[in-house]
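Asker: Structure below; questions to follow.
The values are calculated or read from the model by the stated rules, or taken from the named source; none is laboratory data. Values in this document were obtained by computation on a predicted structure and should not be read as measured data. Counting neighbours? That spans all protein chains shown, and the Cβs are built from the backbone with ideal geometry, glycine included. What goes into the accessible areas is simple: the full protein's heavy atoms, side chains included, and nothing from ligands, DNA or RNA. Shrake-Rupley method; radii C 1.70, N 1.55, O 1.52, S 1.80 Å.
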Amino acid sequence: MTTLQRGVPEGAEERVAELYWEAFGGKLGRALGPAEAGRRFIAGHLHADRAVTALDEDGRVVGVAGYQLAGRGLVGGDAAAVRARYGRLRGLPRVFLLALMERTPARDELVMDGIAVDPAARGRGIGGLLLGEIGAVAAEQKCRRIRLDVIAENPRARALYERHGFTAVRVQRTPWLRDVLGFGAVTTMHKAVTR
């Protein structure tokens, strides 16, 4: 049985970072890699209140959905934190790469930072449960819509979002980023929040 919890459970930061890296390491690798350093950076800069987590019957985190609201997302860490972790010279290009992926919510909008489900737990409806709870958070915060971006190389995620009422509103082709970040197009999707 899967239960949902708002926030990252105390002591589960490394587990959330592991799931997040498994899902997004291909995209984040150049900015935060190598993998172990990236997972440590994520775990050390989580805003625990900007997540919904799915827990299995043993209380282990098997899924996480992060979101941005009121200027804060699931993964924090500003330019100074990146330079402190990776050094001044090696940190600067990483800051630039992270800035390319930055998304700022519009007024009355919740932006999903990402959703990650343990590969062994996929196909059990956990992604849908997390999306439903994100919708509840958005409604409680009086947001009018939820926005997310999905890369073209992840059709399974896009299909999940479409099944849960998200519609594509824009495709931004970025072929020059394929070699740098591993993707060449991003689809922005919206879902109206029902209150």
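Asker: Which is exposed (fewer than 15 other Cβ atoms within 10 Å of the Cβ) and in contact (Cβ under 8 Å) with a residue 40 or more places away in the chain, of Gly59, Gly76? Before the answer, list the steps.
Answerer: Details: Gly76 fails: in contact (Cβ under 8 Å) with a residue 40 or more places away in the chain.
None of the other options fit; the residue is Gly59.
Asker: Still on this structure, please answer the following. Restricted to region 102-115, and to residues that are free of Cβ contacts under 8 Å to residues at least 60 places away in the same chain and in contact with a helix residue (DSSP H, G or I) (Cβ under 9 Å, 6 or more places away or on another chain), which residue is nearest to Ala43 (Cα to Cα)?
Answerer: Looking at residues that are free of Cβ contacts under 8 Å to residues at least 60 places away in the same chain and in contact with a helix residue (DSSP H, G or I) (Cβ under 9 Å, 6 or more places away or on another chain), I get Met112.
Asker: Search region 32-56 for residues being farther than 22 Å from Gly132 by Cα and charged (D, E, K, R), and hand back the single one that is least open to solvent (accessible area, probe 1.4 Å).
Answerer: Filtering region 32-56 for residues that are farther than 22 Å from Gly132 by Cα and charged (D, E, K, R), the one least open to solvent (accessible area, probe 1.4 Å) comes out as Arg39.
Asker: Quick test for you: out of Leu69, Leu32, pick the one residue that is touching a Phe, Trp or Tyr at 6+ places or on another chain (Cβ under 6 Å), in contact (Cβ under 8 Å) with a residue 24 or more places away in the chain and of a type in the set (A, V, I, L, M, F, W, C).
Answerer: Leu32
Asker: Give the residues of region 1-23 that are open to solvent by 70 Å² or more (accessible area, probe 1.4 Å) and either modelled with pLDDT under 95 or not in a loop (DSSP other than H, G, I, E, B) (or both), sorted by residue number.
Answerer: Residues satisfying the conditions are Met1, Arg6, Glu14, Glu18, Glu22.
Asker: Regarding Ala99, is this residue open to solvent by 20 Å² or more (accessible area, probe 1.4 Å) and either under 22 Å from Ile42 (Cβ atoms) or touching a Phe, Trp or Tyr at 6+ places or on another chain (Cβ under 7 Å) (or both)?
Answerer: yes
Asker: Which of (1) surrounded by 13 or more Cβ atoms within 10 Å (Cβ to Cβ); (2) in contact with a Leu (Cβ under 8 Å, 6 or more places away or on another chain); (3) more than 21 Å from Arg124 (Cβ to Cβ) is the odd one out, the single condition Val64 does not satisfy?
Answerer: For Val64, the failing item is (3).
Asker: Got a sec? Which of Arg158, Arg145, Arg85, Arg60 is among the basic types (Lys, Arg) and in contact with a His (Cβ under 8 Å, 6 or more places away or on another chain)?
Answerer: Exactly one of Arg158, Arg145, Arg85, Arg60 is among the basic types (Lys, Arg) and in contact with a His (Cβ under 8 Å, 6 or more places away or on another chain), namely Arg145.
Asker: Which condition does Gly184 not pass, out of (1) loosely packed, with under 13 Cβ neighbours inside 10 Å; (2) over 18 Å from the mean Cα position of the chain (by Cα); (3) modelled with pLDDT under 90, if it passes all the others?
Answerer: For Gly184, the failing item is (1).
Asker: Run down Arg72, Arg6 and say which single residue is under 27 Å from Arg88 (Cα atoms) and basic (Lys, Arg).
Answerer: When all the criteria are applied, what remains is Arg72.
Asker: Scan region 116-153 for residues that are open to solvent by 50 Å² or more (accessible area, probe 1.4 Å), part of a loop (DSSP other than H, G, I, E, B) and in contact (Cβ under 8 Å) with a residue 24 or more places away in the chain and report the count.
Answerer: Number of matching residues: 6.
Asker: Given (1) assigned to a helix (DSSP H, G or I); (2) modelled with pLDDT under 90; (3) closer than 30 Å to Arg60 by Cα; (4) not acidic (Asp, Glu), identify the lone condition not met by Pro93.
Answerer: Result: Pro93 fails condition (3) only.
Asker: Counting only residues that are charged (D, E, K, R) and surrounded by 13 or more Cβ atoms within 10 Å (Cβ to Cβ), which one in region 104-115 is nearest to Ala17 (Cα to Cα)?
Answerer: In this case the residue turns out to be Asp113.
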